1. Could you tell me which residue of the range 60-78 is nearest to residue 129 (Cα to Cα), considering only residues that are in contact with a strand residue (DSSP E or B) (Cβ under 9 Å, 6 or more places away or on another chain) and in a helix (DSSP H, G or I)?
2. Considering each residue of the range 61-79, count those that are hydroxyl-bearing (Ser, Thr, Tyr) and at pLDDT below 95, and give that number.
3. Would you point out which residue out of 90, 58 is within 27 Å of the chain's Cα centre (by Cα) and at pLDDT 95 or above?
4. Would you confirm, using the coordinates I've provided, whether residue 136 is part of a strand (DSSP E or B), surrounded by 17 or more Cβ atoms within 10 Å (Cβ to Cβ) and not small (Gly, Ala, Ser)?
5. Identify the residue in the range 139-158 that is of a type in the set (A, V, I, L, M) and farther than 20 Å from residue 95 by Cβ and, among all such residues, is surrounded by the most Cβ atoms within 10 Å (Cβ to Cβ).
6. Of the conditions (1) out of contact with any helix residue (DSSP H, G or I) (no Cβ under 6 Å at 6 or more places or on another chain); (2) outside any strand (DSSP E or B); (3) within 15 Å of residue 69 (Cβ to Cβ); (4) not aromatic (Phe, Trp, Tyr), residue 152 satisfies every one except a single condition; which number is it?
7. Among the residues of the range 53-64, is there at least one that is surrounded by 13 or more Cβ atoms within 10 Å (Cβ to Cβ), touching a residue at least 12 places away in the same chain (Cβ under 8 Å) and not acidic (Asp, Glu)?
8. Among the listed residues 81, 88, which satisfies the condition of being touching a residue at least 24 places away in the same chain (Cβ under 8 Å), closer than 17 Å to residue 141 by Cα and outside any strand (DSSP E or B)?
Amino acid sequence: MNDDKPGINPHTGQPLPPEPAGTPAPAGMPAPATGTPGAAAASAAAPPSNKQSGPPALSSMPSAQELAVRSVLETVMDPELGLSVIDLGLIREVHFLADKTLVRMMLTTPFCPYAPQMMADVKQATESAVPQPAEVEILPDAWSPDMMPDPGLLGFSY
């Protein structure tokens, strides 16, 4: 039972905006009338275009390899704060190249005295998760608790 008026939003009662030419009508709805008599026939006769407009769609889901690396990096702890490099948000990027795995991380302070040990621990943990050598690169960016998934882990409200 559909007694909605065409061109009126049944939820708001407001007129619907005009559809761009060539836009297919939703299933079960009649095609909107166009100002050009042959426009509907021309758009129906045109073959569908497989050409994608705009940037390629990137998946926001990490790969299984990246999940494995991030999982083992949860065991690498910052000796001063007692939290993992994952909990602190120090691991910024994980890239799988043809000959190595590149982990780009930052430090909580620019002159962290534990940097060499943390880099070695991140490298060792990464190599235990993927079957290729790992390289750890320190980013020069400044760290802040805002980068943490849960800043409350520091023990104070931020």
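1. Checking each candidate, the answer is 69.
2. 1
3. 90
4. yes
5. Filtering the range 139-158 down to residues of a type in the set (A, V, I, L, M) leaves 139, 142, 147-148, 153-154.
Filter once more, so that each one left must be farther than 20 Å from residue 95 by Cβ: 142, 148, 153-154.
Details: 142: 11, 148: 18, 153: 14, 154: 14.
Residue satisfying both the conditions and the ranking: 148.
6. (3)
7. Looking through the range 53-64, none of the residues is surrounded by 13 or more Cβ atoms within 10 Å (Cβ to Cβ), touching a residue at least 12 places away in the same chain (Cβ under 8 Å) and not acidic (Asp, Glu).
8. Of the residues listed, the single one that is touching a residue at least 24 places away in the same chain (Cβ under 8 Å), closer than 17 Å to residue 141 by Cα and outside any strand (DSSP E or B) is 88.
The values are calculated or read from the model by the stated rules, or taken from the named source; none is laboratory data. Quick caveat, the model's predicted, so the values are computed rather than measured. Counting neighbours? That spans all protein chains shown, and the Cβs are built from the backbone with ideal geometry, glycine included.
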